[in-house]
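Taking it in order: structure first as C-alpha coordinates, then the write-up.
The values are calculated or read from the model by the stated rules, or taken from the named source; none is laboratory data. These numbers come from a predicted model, not from an experiment. Every residue, glycine as well, gets a Cβ built from its backbone with ideal geometry; the counts of neighbours run over all protein chains shown. The protein model used for the area step is the full one, side chains on, heavy atoms only, and it has no ligands, DNA or RNA in it. Shrake-Rupley method; radii C 1.70, N 1.55, O 1.52, S 1.80 Å.
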Amino acid sequence: MDSTSGGTAAPDPSSGEPGPSAAAAGSSSASDQPRQKPEGSSPPAPPSRYESQKRRDWNTFLQYLKNHKPPLTLARCSGAHVIEFLKYLDQFGKTKVHITSCPYFGHSNPPAPCSCQFKQAWGSLDALIGRLRAAYDENGGLPESNPFGARAVRIYLREVREGQAKARGIPYEKKKRKRPNFAVAAASVSVEAAAAGSNSGGGEESGGGDNSAAATTAAAATTTV
(Lines give C-alpha, C1' and ligand atoms only; values in the text may rest on other atoms or scores of the structure.)
Protein backbone atom coordinates (compact mmCIF):
# COMPACT_ATOMS: atom_id res chain seq x y z
CA MET A 1 0.00 0.00 0.00
CA ASP A 2 1.31 3.45 -0.92
CA SER A 3 2.51 5.42 2.14
CA THR A 4 1.10 8.66 0.71
CA SER A 5 -2.42 7.37 0.37
CA GLY A 6 -3.51 7.71 3.98
CA GLY A 7 -2.75 10.00 6.98
CA THR A 8 -0.35 12.90 7.06
CA ALA A 9 2.94 12.46 5.35
CA ALA A 10 6.04 12.71 7.54
CA PRO A 11 8.21 15.74 6.78
CA ASP A 12 11.29 15.14 4.76
CA PRO A 13 14.39 16.02 6.86
CA SER A 14 16.28 17.01 3.74
CA SER A 15 13.61 19.48 2.62
CA GLY A 16 14.40 22.05 5.40
CA GLU A 17 10.73 22.64 6.24
CA PRO A 18 9.80 22.60 9.96
CA GLY A 19 7.52 19.91 11.22
CA PRO A 20 4.30 20.38 13.22
CA SER A 21 6.11 20.07 16.55
CA ALA A 22 8.63 22.77 15.60
CA ALA A 23 5.85 25.12 14.49
CA ALA A 24 3.99 24.58 17.78
CA ALA A 25 7.16 25.27 19.76
CA GLY A 26 7.74 28.44 17.78
CA SER A 27 4.23 29.70 18.44
CA SER A 28 4.50 29.00 22.20
CA SER A 29 7.87 30.75 22.46
CA ALA A 30 6.46 33.77 20.66
CA SER A 31 3.57 33.94 23.13
CA ASP A 32 5.96 33.71 26.09
CA GLN A 33 7.89 36.83 25.04
CA PRO A 34 7.00 39.95 27.09
CA ARG A 35 4.85 42.48 25.38
CA GLN A 36 6.53 45.70 24.44
CA LYS A 37 5.39 48.84 26.21
CA PRO A 38 3.61 51.41 24.08
CA GLU A 39 5.77 54.19 22.82
CA GLY A 40 3.70 56.84 24.60
CA SER A 41 4.55 55.60 28.15
CA SER A 42 7.79 56.93 29.68
CA PRO A 43 9.57 55.91 32.90
CA PRO A 44 9.09 58.17 35.94
CA ALA A 45 11.48 61.07 36.12
CA PRO A 46 14.37 60.58 38.56
CA PRO A 47 14.37 62.72 41.71
CA SER A 48 16.15 66.04 41.57
CA ARG A 49 19.53 66.61 43.13
CA TYR A 50 17.92 68.51 45.99
CA GLU A 51 15.44 65.69 46.72
CA SER A 52 18.19 63.08 46.62
CA GLN A 53 20.39 65.08 48.99
CA LYS A 54 17.44 65.71 51.32
CA ARG A 55 16.72 61.99 51.51
CA ARG A 56 20.37 61.20 52.28
CA ASP A 57 20.50 63.86 54.99
CA TRP A 58 17.30 62.57 56.55
CA ASN A 59 18.58 58.98 56.63
CA THR A 60 21.88 60.16 58.12
CA PHE A 61 20.08 61.99 60.91
CA LEU A 62 17.87 58.99 61.67
CA GLN A 63 20.96 56.80 61.85
CA TYR A 64 22.56 59.32 64.22
CA LEU A 65 19.55 59.11 66.52
CA LYS A 66 19.72 55.31 66.41
CA ASN A 67 23.41 55.27 67.35
CA HIS A 68 22.97 57.92 70.05
CA LYS A 69 23.68 56.84 73.61
CA PRO A 70 21.08 56.42 74.89
CA PRO A 71 19.16 55.93 71.61
CA LEU A 72 16.76 58.73 70.75
CA THR A 73 13.45 58.70 68.97
CA LEU A 74 12.37 61.40 66.58
CA ALA A 75 9.50 62.35 68.89
CA ARG A 76 11.93 63.10 71.74
CA CYS A 77 14.41 65.01 69.57
CA SER A 78 14.85 68.68 70.50
CA GLY A 79 16.86 71.63 69.30
CA ALA A 80 19.69 70.68 71.65
CA HIS A 81 20.00 67.29 69.95
CA VAL A 82 20.09 69.00 66.56
CA ILE A 83 22.98 71.19 67.74
CA GLU A 84 24.80 68.07 68.96
CA PHE A 85 24.32 66.58 65.50
CA LEU A 86 25.79 69.68 63.83
CA LYS A 87 28.82 69.56 66.13
CA TYR A 88 29.21 65.87 65.36
CA LEU A 89 29.43 66.73 61.65
CA ASP A 90 32.36 69.10 62.25
CA GLN A 91 34.75 66.15 62.17
CA PHE A 92 33.89 65.71 58.48
CA GLY A 93 34.29 69.40 57.63
CA LYS A 94 36.75 70.83 55.12
CA THR A 95 36.81 74.48 56.23
CA LYS A 96 39.67 75.54 58.47
CA VAL A 97 38.54 77.85 61.26
CA HIS A 98 41.38 79.63 63.07
CA ILE A 99 41.28 79.99 66.83
CA THR A 100 41.94 83.33 68.51
CA SER A 101 45.49 82.34 69.53
CA CYS A 102 46.42 81.41 65.95
CA PRO A 103 48.68 83.97 64.23
CA TYR A 104 46.47 83.67 61.12
CA PHE A 105 43.26 84.52 62.94
CA GLY A 106 41.28 86.90 60.72
CA HIS A 107 43.40 86.20 57.61
CA SER A 108 41.42 85.13 54.57
CA ASN A 109 44.52 83.73 52.81
CA PRO A 110 47.05 82.42 55.38
CA PRO A 111 50.61 82.30 53.99
CA ALA A 112 51.39 78.99 55.72
CA PRO A 113 49.53 76.03 57.21
CA CYS A 114 48.55 75.91 60.86
CA SER A 115 47.25 73.37 63.34
CA CYS A 116 43.70 74.72 63.55
CA GLN A 117 40.91 72.19 63.07
CA PHE A 118 38.63 71.80 60.10
CA LYS A 119 34.91 72.32 60.58
CA GLN A 120 31.74 72.43 58.59
CA ALA A 121 31.24 75.75 56.84
CA TRP A 122 28.35 77.87 58.01
CA GLY A 123 26.73 77.82 54.56
CA SER A 124 26.73 74.02 54.50
CA LEU A 125 25.14 73.80 57.95
CA ASP A 126 22.51 76.38 57.07
CA ALA A 127 21.55 74.51 53.90
CA LEU A 128 21.51 71.21 55.79
CA ILE A 129 19.10 72.54 58.41
CA GLY A 130 16.82 73.80 55.65
CA ARG A 131 16.66 70.36 54.02
CA LEU A 132 16.12 68.54 57.32
CA ARG A 133 13.42 70.98 58.33
CA ALA A 134 11.54 70.27 55.11
CA ALA A 135 12.09 66.51 55.45
CA TYR A 136 10.69 66.56 58.99
CA ASP A 137 7.44 68.12 57.75
CA GLU A 138 7.22 65.73 54.81
CA ASN A 139 7.55 62.70 57.10
CA GLY A 140 4.56 63.56 59.23
CA GLY A 141 6.12 65.92 61.75
CA LEU A 142 4.16 68.84 63.15
CA PRO A 143 5.52 72.27 62.15
CA GLU A 144 5.18 73.63 65.69
CA SER A 145 7.33 70.78 67.09
CA ASN A 146 9.98 70.82 64.33
CA PRO A 147 13.34 70.66 66.19
CA PHE A 148 15.22 72.00 63.16
CA GLY A 149 13.32 75.25 63.40
CA ALA A 150 13.95 75.73 67.11
CA ARG A 151 15.22 79.10 68.33
CA ALA A 152 18.31 77.49 69.82
CA VAL A 153 19.30 76.15 66.40
CA ARG A 154 18.92 79.58 64.80
CA ILE A 155 21.05 81.16 67.51
CA TYR A 156 23.72 78.50 67.06
CA LEU A 157 23.86 79.03 63.30
CA ARG A 158 24.17 82.78 63.80
CA GLU A 159 27.06 82.28 66.23
CA VAL A 160 28.79 79.93 63.80
CA ARG A 161 28.41 82.46 60.99
CA GLU A 162 29.80 85.34 63.05
CA GLY A 163 32.62 83.24 64.52
CA GLN A 164 33.77 81.91 61.16
CA ALA A 165 33.56 85.36 59.61
CA LYS A 166 35.96 86.73 62.24
CA ALA A 167 38.27 83.71 62.23
CA ARG A 168 38.57 83.51 58.44
CA GLY A 169 38.40 87.22 57.71
CA ILE A 170 35.49 86.72 55.32
CA PRO A 171 32.42 88.74 56.31
CA TYR A 172 29.02 87.36 55.37
CA GLU A 173 27.00 90.19 53.85
CA LYS A 174 23.30 90.26 54.47
CA LYS A 175 20.96 90.40 51.51
CA LYS A 176 19.71 93.90 50.86
CA ARG A 177 15.99 94.31 51.29
CA LYS A 178 14.01 95.97 48.55
CA ARG A 179 12.74 99.39 49.46
CA PRO A 180 8.99 100.02 49.34
CA ASN A 181 7.44 101.60 46.27
CA PHE A 182 6.74 104.96 47.88
CA ALA A 183 9.48 106.49 45.68
CA VAL A 184 7.41 105.76 42.58
CA ALA A 185 4.43 107.58 44.10
CA ALA A 186 6.63 110.57 44.97
CA ALA A 187 7.92 110.63 41.40
CA SER A 188 4.39 110.75 39.97
CA VAL A 189 3.51 113.63 42.31
CA SER A 190 6.62 115.53 41.17
CA VAL A 191 5.69 115.03 37.51
CA GLU A 192 2.16 116.30 38.12
CA ALA A 193 3.51 119.32 39.96
CA ALA A 194 5.92 120.04 37.10
CA ALA A 195 3.11 119.82 34.56
CA ALA A 196 0.97 122.22 36.57
CA GLY A 197 3.86 124.68 36.83
CA SER A 198 4.51 124.61 33.09
CA ASN A 199 0.85 125.29 32.32
CA SER A 200 0.71 128.26 34.69
CA GLY A 201 3.91 129.75 33.20
CA GLY A 202 2.03 131.10 30.14
CA GLY A 203 4.32 132.82 27.66
CA GLU A 204 7.57 132.22 29.56
CA GLU A 205 8.59 129.27 27.45
CA SER A 206 12.22 129.17 28.56
CA GLY A 207 11.41 129.39 32.25
CA GLY A 208 8.63 126.81 31.95
CA GLY A 209 10.93 124.45 30.06
CA ASP A 210 13.67 124.76 32.71
CA ASN A 211 11.19 124.08 35.51
CA SER A 212 9.76 121.06 33.67
CA ALA A 213 13.23 119.64 32.95
CA ALA A 214 14.32 120.15 36.55
CA ALA A 215 11.17 118.44 37.84
CA THR A 216 11.61 115.53 35.43
CA THR A 217 15.24 115.12 36.49
CA ALA A 218 14.23 115.13 40.13
CA ALA A 219 11.50 112.58 39.44
CA ALA A 220 13.94 110.32 37.62
CA ALA A 221 16.41 110.60 40.48
CA THR A 222 13.69 109.77 42.98
CA THR A 223 12.67 106.72 40.94
CA THR A 224 16.19 105.32 40.67
CA VAL A 225 16.97 105.72 44.38
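Check Glu205 against each of (1) at pLDDT below 50; (2) surrounded by 11 or more Cβ atoms within 10 Å (Cβ to Cβ); (3) charged (D, E, K, R) and name the one condition it does not meet.
Condition (2) is where Glu205 drops out.
Every residue in region 127-152 that is open to solvent by 70 Å² or more (accessible area, probe 1.4 Å), of a type in the set (D, E, K, R) and touching a residue at least 12 places away in the same chain (Cβ under 8 Å), please.
Arg133, Arg151
When both residues are 6+ apart or on different chains and their Cβ atoms are under 7 Å apart, which pairs have a first residue that lies in region 107-126 and is touching a residue at least 60 places away in the same chain (Cβ under 8 Å), and a second that is of a type in the set (Gly, Ala, Ser)?
His107/Gly169; Ser108/Gly169
Just the residues that are open to solvent by less than 90 Å² (accessible area, probe 1.4 Å), free of Cβ contacts under 8 Å to residues at least 60 places away in the same chain and closer than 17 Å to Leu142 by Cα, please, taken from region 63-94.
Within region 63-94, just Thr73 meets the criteria.
Please determine, by comparing only the residues of region 57-99 that are in contact with a strand residue (DSSP E or B) (Cβ under 9 Å, 6 or more places away or on another chain) and among the β-branched types (Val, Ile, Thr), which one is farthest from Leu128 (Cα to Cα).
Once the filter is applied, the top-ranked residue is Val97.
Please specify each residue of region 103-126 satisfying the condition of being surrounded by 12 or more Cβ atoms within 10 Å (Cβ to Cβ), touching a Gly at 6+ places or on another chain (Cβ under 7 Å) and among the polar types (S, T, N, Q).
Gln120
Can we say Arg76 is of a type in the set (Lys, Arg) and in contact with a Gly (Cβ under 9 Å, 6 or more places away or on another chain)?
When the stated conditions are applied, Arg76 does not pass them.
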